[in-house]
Amino acid sequence: MCFNKNITVINKFIFAFVCLLSVEEIHAQDTTQQIVAGRSNSKQQQEKPYVILISADGFRHDFAKKYHAENLLRLSNEGVAASSMIPSFPSLTFPNHYTIVTGLYPAHHGLVNNSFYDPNTKRSYAMSKANAVRDSSWYGGTPLWVLAEEHQMLSASFYWVGSEAAMHGVRPTYYYYYNEKISIDDRIQVVKDWLQLPAGKRPHLITFYLPEVDHAAHRYGPESKETGEAVQFVDKAIGKMVASISSLQLPVNFIFLADHGMTTVDTVKGIALPAAIDTLKFIIPNSDALLQLYAKNSADILPTYEKLKAGAGDYDVYLTSQMPKRWHYSKADDNYNRIGDIILIPHLPKVFNIGGRRITPGKHGFDPALTDMHATFFAWGPAFKQNKKTGDFENVNVYPLVARILELDYTERIDGKLNVLKKILK
């Protein structure tokens with residue numbers, strides 16, 4: 001008996017050790033730069049300028065002033081500062097990051113939520129699922145890095161939604177799988193290293209992502225000292241990056257923006273799943289800013305909708321065909337048939353709490369018209385006018401702006417218009 005017990009203990013130890021090695025191997029792989037071999041800039045593209053597109057997740061339109069982000073305020077005053085950038089609906093991380101790099105509204109590019117269901121394929125997408133995040137079948141449109149690579153211009157990504165999947169069979173030449181283990185100083189050094197490569201191997205488009213503000217604002221609320229500290233962290237990082245790259249004397253243009261803003265919600269009284277919803281008849285991805293119901297049988301849609309309408313108090317109820325036109329999120333917009341049959345929108349400050357988990361004080365995902373959902377947009381560099389202020393604009397218009405700076409033509413129809421931001425260019 002003792003001998004058998006010892007074997008069991010040893011086997012458990014070996015199993016735990018193997019698991020530990022596997023986890024460490026995965027983490028090591030996740031922090032390794034991925035390089036697509038055999039690519040080079042064409043001679044024509046080597047003469048083009050550079051764009052570093054930086055997203056600070058959740059960096060609300062007023063955070064730079066509110067939390068005294070000295071570097072960002074100085075750089076934006078020297079270049080371009082928008083009063084705000086308006087996210088697309090829903091004002092969530094994955095849909096909006098992909099909108100920024102495709103120029104398409106979420107219903108048009110297919111990433112309609114952070115988590116959603118596809119009735120056509122009977123599969124679910126979630127930003128936490130690596131296999132889904134890296135599966136190109138979920139993504140429509142032509143991301144900026146794919147556009148660049150198709151023009152024989154090299155690109156790089158230190159994280160961006162979609163950059164780990166091969167749209168049109170193409171990933172950025174240099175990219176990383178998302179992780180939060182690489183220090184900010186190391187990440188800035190990698191960007192500088194990319195720009196010090198020989199002209200034929202040097203990326204002209206770089207995407208760079210910072211999660212800190214979103215993390216802090218969710219956990220502690222947008223008015224918290226922790227969010228202020230996260231803004232300061234981002235501000236110092238941008239200051240370091242600009243100082244480091246300026247020594248290279250390259251025509252680098254910086255665009256600093258966010259995917260959405262953040263607002264304070266009721267953490268005590270969440271909205272439970274309405275009793276009118278039969279969970280056996282609907283697929284309901286977990287969410288708090290909007291609830292999407294996917295009917296297993298279309299005959300259940302209207303009866304459930306009518307019951308929900310009759311009992312609605314802290315939320316609005318929509319059929320997909322009835323969504324507000326300005327959201328570009330109706331049945332008519334749904335290119336991939338991925339929007340729920342019934343959508344519930346909570347009345348702020350309340351949010352849905354379906355799983356019974358603790359409600360964090362900071363949330364987003366709501367109507368883009370709400371000022372708290374508006375994001376930051378600053379830009380500076382040789383392509384941009386100096387001391388230029390501009391008003392609010394939708395984030396679909398960033399795509400044609402970047403394409404113009406890099407002189408990349410596109411034939412695919414997009415929602416963004418160059419005329420909206422053409423005035424900020426020299």
- Count, please, the residues in segment 25-47 that happen to be at pLDDT 95 or above and charged (D, E, K, R). 3
- Output yes when any residue across segment 373-395 is surrounded by 15 or more Cβ atoms within 10 Å (Cβ to Cβ), among the acidic types (D, E) and in a loop (DSSP other than H, G, I, E, B), and no when none is. no
- Query: How many residues does segment 157-192 contain that are in contact with a Lys or Arg (Cβ under 9 Å, 6 or more places away or on another chain) and not hydroxyl-bearing (S, T, Y)?
  - Reply: 7
- Of I284, I245, the only residue that is more than 27 Å from D372 (Cα to Cα) and within 26 Å of the chain's Cα centre (by Cα) is I245
- Message: Can you find, within segment 178-217, the residue that is nearest to H97 (Cα to Cα) among those that are in contact with a Ser or Thr (Cβ under 8 Å, 6 or more places away or on another chain) and part of a loop (DSSP other than H, G, I, E, B)?
- Response: N179
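Listed here are the residues, each with its yes/no results for (1) buried (at least 16 other Cβ atoms within 10 Å of the Cβ); (2) touching a Lys or Arg at 6+ places or on another chain (Cβ under 7 Å); (3) hydroxyl-bearing (S, T, Y); (4) not in a helix (DSSP H, G or I).
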| position | (1), (2), (3), (4) |
| --- | --- |
| G313 | no, no, no, yes |
| D316 | no, no, no, yes |
| R326 | no, no, no, no |
| S330 | yes, no, yes, yes |
| R338 | yes, no, no, yes |
| I345 | yes, no, no, yes |
| K350 | yes, yes, no, yes |
- Message: Give all pairs with beta carbons closer than 7 Å in which a residue from segment 345-361 that is assigned by TED's automatic domain parsing to the domain that holds M323 meets a residue that is in a loop (DSSP other than H, G, I, E, B) and aromatic (F, W, Y); count only pairs at least 6 apart in sequence or on separate chains.
- Response: L348/F366
- Output yes when any residue across segment 103-115 is on the phi < 0 side of the Ramachandran plot, surrounded by fewer than 20 Cβ atoms within 10 Å (Cβ to Cβ) and in a strand (DSSP E or B), and no when none is. yes
- If you check A199, A156, A165, which single one turns out to be among the hydrophobic types (A, V, I, L, M, F, W, C) and within 16 Å of the chain's Cα centre (by Cα)? A165
- Query: What number of residues in segment 128-167 are modelled with pLDDT under 95 and in a loop (DSSP other than H, G, I, E, B)?
  - Reply: 2
- E78: passes all of (1) within 16 Å of the chain's Cα centre (by Cα); (2) closer than 17 Å to W380 by Cβ; (3) not basic (K, R) but (1)
- Does at least one position in segment 86-102 carry a residue that is touching a residue at least 24 places away in the same chain (Cβ under 8 Å), surrounded by fewer than 18 Cβ atoms within 10 Å (Cβ to Cβ) and assigned by TED's automatic domain parsing to the domain that holds D392? no
- Query: Under the condition of being β-branched (V, I, T) and buried (at least 20 other Cβ atoms within 10 Å of the Cβ), which residue from segment 158-190 is nearest to D259 (Cα to Cα)?
  - Reply: V161
- Item | Long-range neighbours under 9 Å by Cβ, at least six apart or interchain, first residue assigned by TED's automatic domain parsing to the domain that holds A237 within segment 174-187, second buried (at least 18 other Cβ atoms within 10 Å of the Cβ) and of a type in the set (D, E) | Y175/E164; Y176/E164; Y177/E164; Y178/E164; I184/E212
- Can you find even one residue in segment 35-57 that is more than 30 Å from E150 (Cα to Cα) and not hydrophobic (A, V, I, L, M, F, W, C)? no
- Of the conditions (1) part of a helix (DSSP H, G or I); (2) in the same structural domain as V252 (by TED's automatic domain parsing), L308 clears all except one; give me its number. (2)
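The values are calculated or read from the model by the stated rules, or taken from the named source; none is laboratory data. Since this is a predicted model, take the numbers as computed values, not measurements. So basically every Cβ, Gly included, is an ideal-geometry build from the backbone, and we count neighbours across all protein chains shown.
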